[in-house]
């Protein structure tokens with residue numbers, strides 16, 4: 001079960017936030033017993049780029065044999 005402060009990866013793009021599947025964030029709140037989550041996404045230097053409420057099927061736990069991947073972040077135009 002995913003809990004607060006766990007690092008998770010997106011399983012779907014969130015274009016409204018400029019986020020892509022595979023982006024990693026930290027869970028800052030668990031809603032409804034794990035049916036949805038609030039996840040904060042930051043740059044490597046710690047700047048918050050998005051805080052998004054996502055459903056359980058839009059994120060997954062990180063595996064022990066996964067590595068971080070870097071990409072340039074483009075701010076979503078809203």
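Among the residues of the stretch 37-51, is there at least one that is exposed (fewer than 13 other Cβ atoms within 10 Å of the Cβ) and in a strand (DSSP E or B)?
So in the stretch 37-51, the residues exposed (fewer than 13 other Cβ atoms within 10 Å of the Cβ) come out as 43-48.
Then keep just the ones that are in a strand (DSSP E or B); that gives 48.
Yes, that holds for at least one residue.
Would the stretch 57-72 turn up any residue that is crowded, with 16+ Cβ neighbours inside 10 Å, at pLDDT 95 or above and in a strand (DSSP E or B)?
Of the stretch 57-72, the ones crowded, with 16+ Cβ neighbours inside 10 Å are 58-59.
From what is left, the residues that are at pLDDT 95 or above are 58-59.
Imposing the further condition that a residue be in a strand (DSSP E or B) reduces the set to 59.
Yes, some residue in the stretch 57-72 is crowded, with 16+ Cβ neighbours inside 10 Å, at pLDDT 95 or above and in a strand (DSSP E or B).
For residues in the stretch 1-34 being outside any strand (DSSP E or B) and in contact with a helix residue (DSSP H, G or I) (Cβ under 7 Å, 6 or more places away or on another chain), which is surrounded by the fewest Cβ atoms within 10 Å (Cβ to Cβ)? If you could, list the steps in order and put the result at the bottom.
Filtering the stretch 1-34 for residues outside any strand (DSSP E or B) gives 1-6, 11-13, 15-18, 20-23, 32-34.
With the extra rule that they be in contact with a helix residue (DSSP H, G or I) (Cβ under 7 Å, 6 or more places away or on another chain), the set shrinks to 11-12, 34.
On the way: 11: 14, 12: 13, 34: 11.
Only one residue fits best here, namely 34.
The values are calculated or read from the model by the stated rules, or taken from the named source; none is laboratory data. Remember, it's a predicted structure, so these values are computed and weren't measured experimentally. Here the Cβ is made from the backbone with ideal geometry for all residues, glycine too, and neighbour counts use every protein chain on show.
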